[in-house]
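Reviewing the structure listed below.
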Amino acid sequence: MRKYLLTIIMILAAAGLLFAQTAGSNKEELERERREIQEELKEIQGMYNKVKGQTKQSLGQLNMLARKINLQERYIGSINKELRMIDDDLYRSNLEIYRLQKQLDTLKSEYARTIVYAYKNRSSYDYVNFIFSATSFNDAIRRVAYLKSYRAYREKQVATINETQQLIAKRQEQQLGRKQQKNEALKSQTKERNELAVQKKEKDQVVSKLKSEEKDLKKQIAVKKKRDRDLNNAITAIIRREIEAEKKKLAAEKKEKDRIAAEKKKNEVASNKPTTTPVTTLVKPEATEKKPISYLEVDAPDIALGTDFSKAKGKLPWPVDKRIVLIPFGPYSVEGFKDIRDNNPGLTIGTPSGSSVKAVFDGEVIAIHNYGEAAAVVIRHGKYFTSYGNLSAVNVGKGATVKAGQVIGRAGESDDGSGGQLNFMLLIESKNVNPALWLRR
C-alpha cells in the first residue's frame with residue numbers, strides 16, 4: 001500500500017511538472033505572437049497618424065484601419081487563448097489537489113491505525129516477550145528485523161504525509177498565481193475590446209466619408225487597375241524577350257555544334273579517301289536534342305540560381321523593413337463597396353515614403369520600366385522574376401548584378417496621398433504567384 005501511494009504521488013508530481021513546462025512554453029509562444037502584433041500595430045499607427053488629419057479620405061486609410069482591426073482581433077484572440085489555458089490549468093490543478101487530498105486522508109487514516117496499535121502495545125515487555133517467544137534464534141533475528149522495518153515504515157508514513165501536504169500547498173500557491181494572471185488577462189481583454197470598438201467606429205466613419213467621394217474612389221481603383229495591367233504587360237513582354245533571346249542563343253549554339261561536327265566529318269572522309277568504290281552504309285541520325293523544360297534555366301548558373309530561389313520559399317526577406325500589406329495578392333474588394341473589385345497581381349505594401357527598397361534575392365537587373373513619375377525594377381533569378389514598382393528613385397542600372405538585401409531604390413508616394421507605397425510582384429516565368437507565400441513570415 002505504501003509503495004502504491006508513493007508511486008501515485010510521484011506520478012502526480014511528474015504530471016504537474018510536465019504540464020507546467022508545457023503551459024510555460026505555450027505562454028512564451030503567445031507572448032512572442034503578441035509582441036509581433038504590437039510591433040506591427042505600432043508601425044501601422046505611426047503611418048496612419050501621418051494621414052489621419054487629411055480632410056479627404058483615401059483607400060489607403062481604409063486599408064490601414066482594416067489591417068489594424070484584423071491585428072487587434074488577433075491580439076484579443078491570443079488573450080482568449082491564454083484565458084482558456086489558465087482555466088484548463090486551474091481545472092487540472094483542482095483535480096490534482098483533490099486527488100492529493102484523498103491520498104493524504106488515506107495516509108493519515110493508515111498512520112492513525114499504526115499509532116493506535118503502537119499505543120496498545122506500548123509496553124517494552126510486549127516487545128521483549130515478542131522477541132523471546134521465538135521458536136529459534138533465526139526466528140528471533142527475523143522478529144527484530146520486523147520491528148525495525150515497522151519503525152522505519154512509521155517514519156516513512158510521516159515523511160510521505162509531509163511531502164503530500166507540501167505538494168498540496170505548492171499547488172494551492174500556484175493556483176493563486178494563475179488566478180492573478182487570469183484577472184490581469186481579463187483586464188487586458190476588456191481594454192483591447194474597447195480599443196477594437198473605437199477602431200471599428202473610426203473605420204465606419206472613413207467608409208461613410210468615402211461613400212460620399214465614391215466617384216473619386218472608383219477613379220483611384222481604375223488608375224490602379226490600368227497601372228497594374230500596364231506594368232504586368234510590360235514585365236510579361238520583358239520575360240518573353242528573355243525567353244526568345246535564350247531560344248536564339250540555344251539555336252545558335254546548336255548550329256555552331258552542327259557546323260563543327262560536319263566540318264570534322266568532312267575532314268575525316270578526305271583523309272581516309274578509299275581507292276575503290278566505297279560501299280554505301282546507313283548512318284543512324286543523331287538523337288534529337290531534348291527540349292529544355294524552361295528556356296530560362298539552361299545554363300548551369302541559371303539552373304543553380306533558380307534552384308536556390310525555389311529552396312528559399314517562405315524565407316525570403318521583405319523588400320522593405322517597415323511595412324504593412326495594404327492590398328493582398330489576388331481578387332479583393334473594398335469594404336462597404338460591393339461593386340468595387342479588383343485583382344492584385346502582387347502585394348501592395350505600405351511603407352514610409354522614401355524607404356529603402358531592397359532586392360529579396362541575388363539576381364540580374366533585366367529592365368527598368370518607367371511609368372509616369374514612378375519606376376519599376378525587374379530582377380531575374382533564373383526562371384523567377386521579382387518586380388519592385390512605384391519607386392521614386394532607382395539605384396541600379398540595367399544589366400547590373402545585385403545581391404540579396406542590396407538597396408535598389410526608394411519607395412514613392414501612393415496615388416491617394418496615404419503615404420509611401422511599394423508594388424511588389426513575383427513571377428515564375430510569366431505567371432504571377434502570391435509573394436506572401438515566399439516571403440518570411
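Worth a mention:
- Full-extension gain in nm, Ser430 to Ala169, via 0.36 nm per residue minus C-alpha separation: 87.2 nm
- Sorted fewest first by neighbouring Cβ atoms within 10 angstrom, Asp105, Asp302 come out as Asp105, Asp302.
- Cβ-Cβ FRET estimate between Thr114 and Leu176, R0 fixed at 30 Å, reported to 0.05: 0.30
- Pairs from the table (Lys225/Lys338; Lys81/Lys203; Lys102/Lys170) lying more than 23 angstrom apart at Cα are Lys81/Lys203.
- Beyond 29 Å in Cα-Cα separation lie the following of the pairs Lys255/Lys403; Lys50/Lys431; Lys182/Lys209; Lys224/Lys398: Lys255/Lys403; Lys50/Lys431; Lys182/Lys209.
- Extension gain, Lys315 to Val158: 0.36 nm times the residue separation minus the Cα-Cα distance gives 50.6 nm.
- Val269 paired with Asn49, simple spin-label distance in nm, labels 7 Å along Cα-to-beta-carbon: 8.5 nm
- With a Förster radius of 30 Å applied to the beta-carbon distance between Leu437 and Arg241, the computed FRET efficiency rounds to 0.65.
- With both labels modelled 7 Å from their Cα along Cα-to-Cβ, the Asn80 to Glu192 distance reads 1.1 nm.
- If the segment from Asp204 to Val223 were pulled out straight at 0.36 nm per residue, it would be longer than the present Cα-Cα gap by 4.4 nm.
- Cβ-Cβ FRET estimate between Lys257 and Arg32, R0 fixed at 41 Å, reported to 0.05: 0.10
- Whole-angstrom gap from region 352-397 to region 227-241, using each part's C-alpha centre: 13 Å
- Candidate cross-link partners of Lys148 among the lysines, defined by an alpha-carbon separation under 28 Å and a same-chain spacing of 8 or more, comprise Lys3, Lys108, Lys120, Lys156.
Quick note: the coordinates plus some simple rules give every number you see, no bench work behind them. None of the values given here were measured: they were computed from a predicted structure. Glycine gets a Cβ as well: all are built from the backbone with ideal geometry, and neighbour counts include every protein chain shown.
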